[in-house]
Amino acid sequence: MLLNTLHDELTGRGSGTEAERHERYKWLEQLRFTNPLADEGGPMAGIPYYQWCRLPQALVVAGQHTDLLVGTTSSQYLVFEGRHAAAFAAELDLQYDANNRIDRPGGLDELLDAYEEQEDGSWATLPNEPPAAPLAGWDDVYFRVRDLSDGRTIQSVTTIAYESSRFPGYTLLGTTFVGVGAIVHDDETAQYMQQIFADWAIQRECAATCPVSSTPWPHAPRQVPPAPFDFSRNLAYLDALLAAYGRAQAQAEIDGGDDAYWACAAASTAYQVFSLRYTAGLPLPDVEPALETAVAACETARAALAAAYDDDALPAFDFEQLTDYARTLQLLGAALLFGRHDLAARLAALQTAFDGEDAVYEALLSTIDPQRPAVDEWYFAEPYSALFECLDTDDAAQQLEHLRQYLASWHGALVREDWFNGHLRAHGLGGYYGLWAFEAAAAAKQLGLDRSALAHWVMPPAP
């Protein structure tokens with residue numbers, strides 16, 4: 001009986017009563033053992049939980065057997081030999097965590113801390129670390145969240161199937177315990193949680209409408225992820241997602257809901273559509289309209305935010321947040337690179353709250369408006385100091401050297417932003433849309449630098 005209810009809990013089918021969960025926990029306490037495979041240097045050393053249990057009978061999921069369990073008081077995972085996350089996802093109706101929103105066992109930051117990026121875009125282990133796996137630094141999560149909130153607390157349980165380069169050759173499957181992290185119920189938090197759950201549901205529905213492509217991709221990609229990647233399916237998925245967010249925003253306006261949430265989700269997705277079209281190698285005339293759509297989506301999001309907060313001066317992007325700052329420079333750089341000064345001006349109109357406050361932003365905008373103020377301060381030293389130095393000197397050799405430094409440090413400085421590790425997580429639908437320092441290419445164009453001398457995997461090759 002305990003094995004059956006444990007199987008239901010770990011696969012997300014049910015968790016039983018609090019008394020039943022407590023009984024299972026006491027039973028598992030008696031089954032603990034020391035796993036030598038989890039010792040330093042062992043194949044499971046990358047699994048950061050060391051409370052191991054050997055079950056009296058193997059459990060079966062999607063045809064895979066295991067009697068090994070690992071966990072803490074807050075979560076438990078079955079450990080399977082081999083890579084089965086995608087098969088478990090299909091069996092249990094899980095979706096891919098394309099946006100890094102689900103907590104990993106041990107955390108993604110801990111995973112990435114073990115590695116540093118090389119100039120050629122490869123990864124190497126830091127000193128005193130075990131040897132890197134062939135695809136060092138990747139991880140994949142498939143998940144499903146069940147909302148168990150009531151009128152007093154906000155609760156949920158998350159089922160995940162997890163693979164990682166920290167423990168190559170193994171798959172974790174399990175759930176967080178019901179009630180862990182429960183917070184006192186309030187209307188604002190409850191509404192936000194419902195939007196999150198609705199958002200995940202929309203992503204699932206869009207994914208279900210996009211079958212795997214049966215034909216080879218006809219274009220040469222401008223950037224290639226480190227694993228086989230279905231460009232056709234991912235482009236169809238992002239297009240479907242963008243349309244779905246538009247419908248959700250329109251419905252929220254009718255219902256009096258938070259349309260700003262959906263407008264911001266659409267703006268983020270619109271950039272992804274543009275970036276993936278560019279990455280996939282589509283002809284530039286087929287890419288440029290997506291850039292226009294991305295800028296228009298930012299305008300819509302800003303209007304929705306201004307209405308929600310009753311502040312007409314509210315910017316579309318908050319320069320005090322690194323993710324927002326980086327995305328602003330990417331969009332501005334792309335507009336300048338494509339020669340769309342009209343789009344650059346529209347972006348600038350969204351950010352008047354930050355006029356005269358950031359030297360990098362102002363130096364890029366000076367291309368279209370020589371009257372932009374000259375300032376010598378900027379919001380983030382890493383990696384943007386090198387870009388400022390490039391734009392601030394008249395010596396061509398120094399400009400090239402500063403821009404090389406910027407390209408070399410760009411991803412390493414931004415890797416912890418949730419949308420900057422896509423090239424390491426290109427195994428599932430929606431997880432990758434290309435990583436591009438469009439602002440670096442715009443600077444090179446503005447300064448008349450030789451692009452062939454600036455080859456780097458995050459440097460846009462065209463136009």
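Taken residue by residue, the range 288-295 has no member that is buried (at least 23 other Cβ atoms within 10 Å of the Cβ) and among the polar types (S, T, N, Q). Checking each residue in the range 204-232 for being touching a Leu at 6+ places or on another chain (Cβ under 9 Å), within 18 Å of residue 272 (Cβ to Cβ) and among the small types (Gly, Ala, Ser) picks out only 207. Keeping to the range 236-268, report how many residues are farther than 17 Å from residue 305 by Cα and either small (Gly, Ala, Ser) or under 18 Å from the mean Cα position of the chain (by Cα) (or both). So the count comes out to 9.
Collect the residues in the range 241-260 that are assigned to a helix (DSSP H, G or I) and buried (at least 18 other Cβ atoms within 10 Å of the Cβ), keeping them in residue-number order. It would help to see each step written out before you state the result.
From the range 241-260, those assigned to a helix (DSSP H, G or I) are 241-255, 259-260; that's our starting set.
Those that are assigned to a helix (DSSP H, G or I) and buried (at least 18 other Cβ atoms within 10 Å of the Cβ): 241, 242, 244, 245, 246, 248, 249, 252, 259, 260.
Taking each residue of the range 431-446 that is touching a residue at least 60 places away in the same chain (Cβ under 8 Å) and surrounded by fewer than 24 Cβ atoms within 10 Å (Cβ to Cβ) and looking for partners that are of a type in the set (Ser, Thr, Tyr) and part of a loop (DSSP other than H, G, I, E, B) with beta-carbon atoms closer than 7 Å, six or more apart or interchain, yields 446/367.
Could you go through the range 339-349 and let me know if any residue there is in contact (Cβ under 8 Å) with a residue 60 or more places away in the chain, surrounded by fewer than 21 Cβ atoms within 10 Å (Cβ to Cβ) and either outside any helix (DSSP H, G or I) or in contact with a helix residue (DSSP H, G or I) (Cβ under 9 Å, 6 or more places away or on another chain) (or both).
Residues of the range 339-349 that are in contact (Cβ under 8 Å) with a residue 60 or more places away in the chain, as a first pass: 339.
Filter again for surrounded by fewer than 21 Cβ atoms within 10 Å (Cβ to Cβ), leaving 339.
Restricting the remaining residues to those that are either outside any helix (DSSP H, G or I) or in contact with a helix residue (DSSP H, G or I) (Cβ under 9 Å, 6 or more places away or on another chain) (or both) gives 339.
Yes, because at least one residue in the range 339-349 is in contact (Cβ under 8 Å) with a residue 60 or more places away in the chain, surrounded by fewer than 21 Cβ atoms within 10 Å (Cβ to Cβ) and either outside any helix (DSSP H, G or I) or in contact with a helix residue (DSSP H, G or I) (Cβ under 9 Å, 6 or more places away or on another chain) (or both).
Looking only at the range 369-392, filter to residues that are closer than 17 Å to residue 439 by Cα and open to solvent by 50 Å² or more (accessible area, probe 1.4 Å); which one of those is modelled with the highest pLDDT? Step through it out loud before you land on a result.
Initial filter on the range 369-392 (closer than 17 Å to residue 439 by Cα): 369, 378-392.
Applying the additional criterion that residues be open to solvent by 50 Å² or more (accessible area, probe 1.4 Å) yields 369, 378-379, 381-382, 389, 392.
On the way: 369: 92, 378: 90, 379: 92, 381: 91, 382: 91, 389: 95, 392: 92.
Looking at the filtered set, the residue picked out is 389.
For beta carbons closer than 7 Å, sequence separation of 6+ or different chains, a first residue in the range 242-264 that is of a type in the set (Asp, Glu) and a second that is open to solvent by less than 40 Å² (accessible area, probe 1.4 Å) and part of a helix (DSSP H, G or I), the qualifying pairs are 253/259; 258/195; 258/252; 259/249; 259/252; 259/304. Filtered by the rule that a residue be in a loop (DSSP other than H, G, I, E, B) and touching a residue at least 40 places away in the same chain (Cβ under 8 Å), the range 449-463 gives 449, 450, 456, 457, 458, 459, 460, 461, 462, 463.
Restricting attention to the range 277-297, does a residue exist that is touching a residue at least 24 places away in the same chain (Cβ under 8 Å), out of contact with any Gly (no Cβ under 7 Å at 6 or more places or on another chain) and at positive phi? Yes, the range 277-297 contains a residue that is touching a residue at least 24 places away in the same chain (Cβ under 8 Å), out of contact with any Gly (no Cβ under 7 Å at 6 or more places or on another chain) and at positive phi.
Output the residue which, of all residues in the range 395-411 that are surrounded by fewer than 17 Cβ atoms within 10 Å (Cβ to Cβ) and not hydrophobic (A, V, I, L, M, F, W, C), is nearest to the chain's Cα centre (by Cα). Lay out the reasoning, then the answer.
Step one: list which residues in the range 395-411 are surrounded by fewer than 17 Cβ atoms within 10 Å (Cβ to Cβ), which gives 395-398, 401, 405.
Within this subset, residues satisfying the condition of being not hydrophobic (A, V, I, L, M, F, W, C) are 395, 398, 401, 405.
On the way: 395: 38, 398: 34, 401: 30, 405: 25 Å.
Of everything passing the filter in the range 395-411, 405 is nearest to the chain's Cα centre (by Cα).
Checking residue 317 against (1) part of a helix (DSSP H, G or I); (2) in contact with a Ser or Thr (Cβ under 9 Å, 6 or more places away or on another chain); (3) aromatic (Phe, Trp, Tyr), only one condition comes out false. Which one? Exception for residue 317: condition (1). Looking across the range 209-235 at every residue that is open to solvent by 70 Å² or more (accessible area, probe 1.4 Å) and under 19 Å from the mean Cα position of the chain (by Cα), the one that is modelled with the highest pLDDT is identified as 224.
Please work out if residue 323 is modelled with pLDDT of 95 or more, under 22 Å from the mean Cα position of the chain (by Cα) and open to solvent by 30 Å² or more (accessible area, probe 1.4 Å).
Values: modelled with pLDDT of 95 or more: no; under 22 Å from the mean Cα position of the chain (by Cα): yes; open to solvent by 30 Å² or more (accessible area, probe 1.4 Å): yes.
Considered against the rule, which asks whether it is modelled with pLDDT of 95 or more, under 22 Å from the mean Cα position of the chain (by Cα) and open to solvent by 30 Å² or more (accessible area, probe 1.4 Å), residue 323 comes out as no.
Taken as a whole, the structure leaves residue 104 outside the set of residues that are under 30 Å from residue 199 (Cα atoms) and either among the acidic types (Asp, Glu) or part of a helix (DSSP H, G or I) (or both). Cβ-Cβ contacts under 7 Å between residues 6 or more apart (or on different chains), taken from a first residue in the range 177-201 that is more than 23 Å from residue 75 (Cα to Cα) and among the charged types (D, E, K, R) to a second residue that is open to solvent by less than 70 Å² (accessible area, probe 1.4 Å) and modelled with pLDDT of 60 or more, are listed as 199/265.
The values are calculated or read from the model by the stated rules, or taken from the named source; none is laboratory data. Since the model is a prediction, treat every value here as computed from it, not as a measurement. Note that we place each Cβ from the backbone using ideal geometry, even for glycine, and neighbour counts take in every protein chain shown. The accessibility values were calculated without ligands, DNA or RNA, using every heavy atom of the protein model including side chains. Shrake-Rupley method; radii C 1.70, N 1.55, O 1.52, S 1.80 Å.
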